[in-house]
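Novice: Quick one: this structure, given as structure tokens, is what I'll be asking you about.
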Amino acid sequence: MILVIGAGGQVGQELVENLRKIKGADKVLATDIREIKDNEGPFELLNALDEERLKELVEKYKVTEIYHLAALLSANAEKQVKFAWELNMDSLFYVLDLAKEGVIKKVFWPSSIAVFGPNTPRQNTPQHTVTDPTTVYGISKLAGERWCEYYAKNYDVDVRSIRYPGLIGYKSMPGGGTTDYAVDIYHQALEKGEYECFLKEDTYLPMMYMEDAIRATIELMEAPKENIKVRSSYNLGGISFSPKEISAAIQIQMPNFKITYAPDFRQKIAESWPQSIEDTAAQKDWNWKMKYDLEKMSTDMLKQLKIIKGLN
Ligand code: SER
């Protein structure tokens, strides 16, 4: 049985759906701190900080593989510093320790472009480079990466990870990140024809369409163990664009769409992160290839959201 922790979140919802398609609905146990609507298979409530409950569920469902997605994202974490550190770190240890004991055979844990900081090269950021994060979220992800590698090297734990860029999908909403604008902008474009962006027009960040991100996650987890050379977390390049460029991509289909800018505290976070990422390690080790560029993603996002919102 595969356990997904944080199954109600932006990545969790889509990952559960896809894993169930591949493995069978009854082979994937979705868990979250809140009830999930439209759940198509086994579900249990789980607070990622409740180690006893986690152990209980692992035993009850004979779990052998965990995708641990519960975390506080960059913007939210700045508002609850201590809690973010506790949630993002302690819950990871609970999962890694189960793997150390041998109960769990494989773990996925997401890291982020937030592990990089102001002294990291911002263009084509390499796999191994300066990591001096300035956010609580980034600090917790960097520490988590070090612990993943430590458990892999010292206890032979098969933990795999991706430094996700900002993720953009139509099925689920992000919660409390700096890259959230790139999802919200499509919703507002269709609902209001305009969007007020909390980042400046020329703020470039690495992003990725959800379909690519989910495929990357599953491909990484399915790759032979000996191919996985990076045990901290893999860079994934994705698409690099600015608010101005994403709005231009929307305007191709919606010429009247307007964007305005009112940067807030998230601007500083964005400016501490890379603008584009180099991902040859992922390409070489597990054959990673991205499919969606900005134009293809925008076309699909608007098409799918129109259907969901009944605008056709
Ligand atoms: N999308 C995340 C955030 O903005 C980055 O990993 O916090």
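The values are calculated or read from the model by the stated rules, or taken from the named source; none is laboratory data. Predicted model, so just to flag it, every value in this text is computed and none were measured. Counting neighbours? That spans all protein chains shown, and the Cβs are built from the backbone with ideal geometry, glycine included. For the accessible areas, the whole protein counts, side chains as well, though only heavy atoms, and no ligand, DNA or RNA atoms are used. Shrake-Rupley method; radii C 1.70, N 1.55, O 1.52, S 1.80 Å.
Novice: Mind checking which residues of region 73-83 are hydrophobic (A, V, I, L, M, F, W, C) and open to solvent by less than 30 Å² (accessible area, probe 1.4 Å)?
Specialist: First, pick out the residues of region 73-83 that are hydrophobic (A, V, I, L, M, F, W, C): 73, 75, 77, 81, 83.
Ala75, Ala77, listed by residue number.
Novice: Being among the basic types (Lys, Arg), over 28 Å from Thr178 (Cα atoms), part of a loop (DSSP other than H, G, I, E, B) and away from the ligand (no atom under 13 Å from the Cβ) narrows it down to one of Lys62, Lys55, so name that one.
Specialist: Details: Lys55 fails: part of a loop (DSSP other than H, G, I, E, B).
From the options Lys62, Lys55, the qualifying one is Lys62.
Novice: Still on this structure, please answer the following. Of (1) open to solvent by less than 10 Å² (accessible area, probe 1.4 Å); (2) closer than 20 Å to Gly117 by Cα, Arg160 satisfies all except one. Which?
Specialist: So Arg160 meets the others, but not (2).
Novice: Whether any residue in region 199-209 is in a helix (DSSP H, G or I), in contact (Cβ under 8 Å) with a residue 60 or more places away in the chain and either under 14 Å from the mean Cα position of the chain (by Cα) or buried (at least 23 other Cβ atoms within 10 Å of the Cβ) (or both) is what I want to check. Show your work before the answer.
Specialist: Our first condition is that a residue be in a helix (DSSP H, G or I); within region 199-209, this holds for none.
No: zero hits.
Novice: Kindly indicate whether any position in region 249-271 is part of a loop (DSSP other than H, G, I, E, B) and farther than 22 Å from Thr179 by Cβ. Give the derivation first.
Specialist: Taking region 249-271 first, the residues part of a loop (DSSP other than H, G, I, E, B) are 254-257, 262-265.
Subsequent filtering for residues that are farther than 22 Å from Thr179 by Cβ retains 255-256.
For region 249-271, residues part of a loop (DSSP other than H, G, I, E, B) and farther than 22 Å from Thr179 by Cβ: present.
Novice: Another question about this same structure. Could you please let me know if Glu86 is within 16 Å of the ligand (Cβ to nearest atom), in contact (Cβ under 8 Å) with a residue 24 or more places away in the chain and open to solvent by 50 Å² or more (accessible area, probe 1.4 Å)?
Specialist: Numbers: within 16 Å of the ligand (Cβ to nearest atom): no; in contact (Cβ under 8 Å) with a residue 24 or more places away in the chain: yes; open to solvent by 50 Å² or more (accessible area, probe 1.4 Å): yes.
Judged against the criteria, Glu86 is not a match.
To keep it simple, each residue is scored yes or no on (1) modelled with pLDDT of 95 or more; (2) surrounded by 22 or more Cβ atoms within 10 Å (Cβ to Cβ); (3) small (Gly, Ala, Ser).
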position: Glu51; (1), (2), (3): yes, no, no
position: Tyr61; (1), (2), (3): yes, no, no
position: Tyr67; (1), (2), (3): yes, yes, no
position: Ser91; (1), (2), (3): yes, yes, yes
position: Leu96; (1), (2), (3): yes, yes, no
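Novice: For the condition within 25 Å of Gly138 (Cα to Cα), touching a residue at least 24 places away in the same chain (Cβ under 8 Å) and either part of a loop (DSSP other than H, G, I, E, B) or within 15 Å of the ligand (Cβ to nearest atom) (or both), what is the one hit in Ala213, Ala282? Break it down into steps so the answer makes sense when it comes.
Specialist: Numbers: Ala282 fails: either part of a loop (DSSP other than H, G, I, E, B) or within 15 Å of the ligand (Cβ to nearest atom) (or both).
Of the residues listed, the single one that is within 25 Å of Gly138 (Cα to Cα), touching a residue at least 24 places away in the same chain (Cβ under 8 Å) and either part of a loop (DSSP other than H, G, I, E, B) or within 15 Å of the ligand (Cβ to nearest atom) (or both) is Ala213.
Novice: Need pairs with beta-carbon distance below 6 Å; first residue on the phi < 0 side of the Ramachandran plot and within region 22-45, second open to solvent by less than 50 Å² (accessible area, probe 1.4 Å) and among the basic types (Lys, Arg); sequence gap 6+ or separate chains.
Specialist: Once the first residue is on the phi < 0 side of the Ramachandran plot and sits in region 22-45, its partners that are open to solvent by less than 50 Å² (accessible area, probe 1.4 Å) and among the basic types (Lys, Arg) give Val28/Arg20; Gly41/Arg20.
Novice: Kindly evaluate Glu14 against the criterion of being in a helix (DSSP H, G or I) and open to solvent by 50 Å² or more (accessible area, probe 1.4 Å). It would help to see each step written out before you state the result.
Specialist: Working: in a helix (DSSP H, G or I): yes; open to solvent by 50 Å² or more (accessible area, probe 1.4 Å): no.
No; evaluated as a whole, the condition is false for this residue.
Novice: Could you list all residues from region 163-175 that are within 10 Å of the ligand (Cβ to nearest atom) and crowded, with 18+ Cβ neighbours inside 10 Å? Break it down stepwise before answering.
Specialist: Taking region 163-175 and keeping what is within 10 Å of the ligand (Cβ to nearest atom), we get 163-168, 174-175.
Once the filter is applied, which keeps residues that are within 10 Å of the ligand (Cβ to nearest atom) and crowded, with 18+ Cβ neighbours inside 10 Å, region 163-175 yields Arg163, Tyr164, Pro165, Gly166, Leu167, Ile168, Pro174.
Novice: While we're on this one: Can you pull out the residues in region 20-48 that are open to solvent by less than 40 Å² (accessible area, probe 1.4 Å) and either out of contact with any strand residue (DSSP E or B) (no Cβ under 8 Å at 6 or more places or on another chain) or in a helix (DSSP H, G or I) (or both)?
Specialist: Arg20, Gly24
Novice: Let me ask another. Ile113 - would you say it is in contact (Cβ under 8 Å) with a residue 40 or more places away in the chain and touching a helix residue (DSSP H, G or I) at 6+ places or on another chain (Cβ under 8 Å)?
Specialist: On the way: in contact (Cβ under 8 Å) with a residue 40 or more places away in the chain: yes; touching a helix residue (DSSP H, G or I) at 6+ places or on another chain (Cβ under 8 Å): no.
When the stated conditions are applied, Ile113 does not pass them.
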